[in-house]
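Working notes, beginning with the structure itself.
Only the coordinates and a few stated rules stand behind these numbers; no lab work does. What you see is a predicted model; the values in this text were computed from it and never measured. Because the Cβ atoms are built from the backbone with ideal geometry, glycine has one as well, and the counts that use them run over all protein chains shown.
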Amino acid sequence: MTSKTMRVTAVAMASLLVLGGCKRKEAAPADAPVPAAAIAPAPAPAAQDTRTASATAGTATSAPAGKPFDIQGIPVSTAKIPPFPFVQVAENDAYSKEEKTFERVHVLAGDQLKPVEGHLFDTSLRAEKMSGLEIYRNYDHALRELGAVPVGKINSGDDAFIERNGGDKSAIFKRMHLTELPDDMPEDAPPFTEYLLRTPDKNIWIGVNIYGSESVRLIILEEKAMEQKVKLISATEMATQIGKEGHIALHMNFDTDSDTIRPDSQPVVQEIAKLLRTDAQLKLKVEGHTDNTGDPAHNRTLSGKRAQSVVHAVAAQGIDAGRMQAAGLGADRPVADNGTEAGRALNRRVELVKA
């Protein structure tokens, strides 16, 4: 494809996704930003380095169904990909918008779910005066023009897919960040399609979830390794700060919308146990805090469950659970600006307060 043709493709994509949700625009400037969807640069395997990135925009075809998924079989696009999050969304067009610098999402690779991790952008958009069929065909055309390949799809009555992946529909949809799938879409317009856009240094997963006329959800993940941001605080440091301030904030990782403590936070649990083991008279209030994203009542309940999970985990280290009291405060006591992702990350915390 010529550079001129790719520029036209980029503009077409921009007119579809930029600002107006899915609304078409009569014209867009030649230098309009190109919204796509992306999954992040995981280091390319050696075999990929020797490939010829010959797949250009407009040549993408569907991945074969019924065979084990082979990411190396997906062609590499040479289209220019804009910076994350690859789409620009006007506030008035978004029902919801969430960004996390690191998250796990299960994507649809062939007919199986595949857990991938990286930078997540998840948004639901209005598509005014557009039917579900029109939304699907617009996104499908624009993404294929960028070189994205549809690698999986689900229809609302796909019981075989549910059974293959554990049988629990609500749990599967939660892992995929999906809403309910409508049952009134045409047979050739699935309510959920997973696209994979490969570049020489990026894997970009784009889930397009159509959940009714005039509504679409984009689940965009840039695959990449987690950047370590939290330094492990030792039991000695905990004791020093609690002695001076009466409390200390700890940043622990839990599964999404869950009170399950992730394995990378188990060392924090061990240091809390060491703190209580060293000072046999110390009693703690374990407070769970969230950012202000989502329903306040749900956040308060979730934060309480997470605090209780910490109490249980520490007790499992041989500490008397009666020395700890769990409390969930939700978003009631922010320590940073909830208007930024960095601030929201600081607000999602567990505090140990001297009782």
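Given a cut-off of 18 Å, name the pairs among 274/354; 274/305; 244/283; 231/285; 129/174 whose C-alpha atoms lie farther apart than that in the structure shown. The answer is 274/305; 231/285; 129/174. Highest-first packing order for the peptide set 330-342, 285-297 is 285-297, 330-342, based on the mean count of other beta carbon atoms within 10 Å. As an exercise, use a Förster radius of 25 Å and the Cβ-Cβ distance of residue 184 and residue 226 to find the FRET efficiency, rounded to the nearest 0.05. Taking R0 as 25 Å, the efficiency between residue 184 and residue 226 is 0.05.
Counting every other Cβ atom within 10 Å of each residue's Cβ, 145, 117 order from fewest to most as 117, 145. A cut-off of 5 Å between modelled amide H atoms, ignoring neighbours fewer than 5 places along the same chain, links residue 76 with 54, 55.
Extending 7 Å from Cα along the Cβ direction at residue 333 and again at residue 293 yields two label points whose distance is 2.3 nm. Rg and Dmax of the stretch 235-354, both derived from C-alpha coordinates alone, stand at 13.7, 41 Å.
Charges were assigned to the Cβ only: +1 to each Lys and Arg, -1 to each Asp and Glu. The resulting dipole of the stretch 235-354 about its Cα centre is roughly 380 debye. Could you let me know the centre-to-centre spacing of the stretch 308-349 and the stretch 134-182, using Cα atoms, in angstrom? Answer, in whole Å: 34. Comparing 130, 155, 74 along the charge dipole axis of the stretch 62-173, the residue lying farthest to the positive side is 74, per the Cβ-charge model. Close amide H pairs (under 5 Å, H built 1.01 Å from N) link residue 348 with 291, residues at least 5 positions away or on another chain. Along the Cα→Cβ direction, 7 angstrom out, place labels at residue 355 and residue 278. What is the inter-label distance in nm? Once both label points are built, they end up 2.1 nm from each other.
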